[in-house]
Amino acid sequence: MSAPVLTVDGPSGSGKGTLSTIVAHHAGWHLLDSGALYRLVALAGRKRGLDQDDVEGHARLAVTMDVRFGVEHEAERVLLGGEDVTDAIRTEEAGQDASRVAAWPPLRAALLERQRAFAEPPGLVADGRDMGTVVFPDAALKIFLTASAEERALRRYNQLKEKGSNASLSALSREIAERDARDSARAVAPLVPARDAEVIDSTGLSIGEVAARVIELGRRRALWR
Ligand code: C5P
């Protein structure tokens, strides 16, 4: 492995994305939002008009799709084949699509190289479901972030509302439960903590408190100051 890696895994709405962004910023490390890659494959498949069950076609797209992650006016932008799809991949529907294709072993295998290429000096914060178990098993520090199902649904609800979409809390709770069940039950790379992961339950904690705890864990391992 070419650079130290911090992995942050956990279910939807546990605060992984925000935590990863804060810690990457603190350490001056690169960031991998692996969920975005699964969302992008599903979206690329739709744009190409691929059959919903075309596993090989989607696996090919995982390798060939032209993706760029950038920052514009301090906000993250995601480009697919030059088109800005930042908002299109963030809908709950895109999350469901991602979770469906993410259960296919050939597609997960096709994304491995792409994800590992993000591990460049000075270091990488990798956010996902299987970062510590499959993609970066030798990571220097592994976090598994959880929160109660109620709190995760509420956080997602507030996030979507902030972006101007009028989500329903009960529908979101149902969708999140469904997605978690599928992610946890799948045969390949299911959502489970790595054996050597630090498990943090963020229920009732602010994201600042969680970040402070993780930054301290990294400090103790001399990953950053
Ligand atoms: O994290 P995010 O909600 O963007 O992930 C969308 C979906 O992609 C998840 O529900 C999961 O099915 C899949 N995923 C995965 N492995 C990862 C990251 C995401 O299977 N490392």
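The values are calculated or read from the model by the stated rules, or taken from the named source; none is laboratory data. Note that this is a predicted model, so its numbers are computed, not measured. Positions of Cβ are generated from backbone atoms using ideal geometry, with glycine treated the same way; all protein chains shown enter the neighbour counts. In case anyone asks, the SASA skips ligands and DNA or RNA and just uses the protein heavy atoms, side chains included. Shrake-Rupley method; radii C 1.70, N 1.55, O 1.52, S 1.80 Å.
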- The number of residues in segment 28-58 that are part of a helix (DSSP H, G or I), hydrophobic (A, V, I, L, M, F, W, C) and crowded, with 20+ Cβ neighbours inside 10 Å is 7
- Item | Answer residue from segment 6-16, given it is in contact with a helix residue (DSSP H, G or I) (Cβ under 8 Å, 6 or more places away or on another chain) and of a type outside the set (Ser, Thr, Tyr) and is surrounded by the fewest Cβ atoms within 10 Å (Cβ to Cβ) among those | 11
- Task: Give me a count of the residues in segment 84-105 that are outside any helix (DSSP H, G or I) and of a type in the set (Gly, Ala, Ser).
- Result: 2
- Query: Applying the selection to segment 191-210, what residues are in contact with an Asp or Glu (Cβ under 9 Å, 6 or more places away or on another chain), without any contact (Cβ under 8 Å) to a residue 60 or more places away in the chain and on the phi < 0 side of the Ramachandran plot?
  - Reply: 192, 203
- Task: Identify all residues within segment 16-42 that are within 12 Å of the ligand (Cβ to nearest atom) and either more than 16 Å from the chain's Cα centre (by Cα) or of a type in the set (D, E, K, R) (or both); write none if there are none.
- Result: 16, 33, 39
- Answer yes if at least one residue in segment 116-131 is more than 14 Å from the chain's Cα centre (by Cα), within 12 Å of the ligand (Cβ to nearest atom) and crowded, with 20+ Cβ neighbours inside 10 Å, and no otherwise. no
- Among the residues of segment 185-207, is there at least one that is outside any loop (DSSP other than H, G, I, E, B), within 15 Å of the ligand (Cβ to nearest atom) and more than 13 Å from residue 8 (Cβ to Cβ)? yes
- Message: Against the definition (more than 15 Å from residue 16 (Cα to Cα), within 17 Å of the chain's Cα centre (by Cα) and either of a type in the set (Ser, Thr, Tyr) or at pLDDT 95 or above (or both)), how does residue 184 come out, yes or no?
- Response: yes
- Task: Within segment 162-175, identify whether any single residue is within 14 Å of the ligand (Cβ to nearest atom), at pLDDT 90 or above and either under 17 Å from the mean Cα position of the chain (by Cα) or among the acidic types (Asp, Glu) (or both), and answer yes or no.
- Result: yes
- In segment 145-187, anything open to solvent by less than 50 Å² (accessible area, probe 1.4 Å), in contact with a helix residue (DSSP H, G or I) (Cβ under 7 Å, 6 or more places away or on another chain) and within 21 Å of residue 112 (Cβ to Cβ) is listed as 183
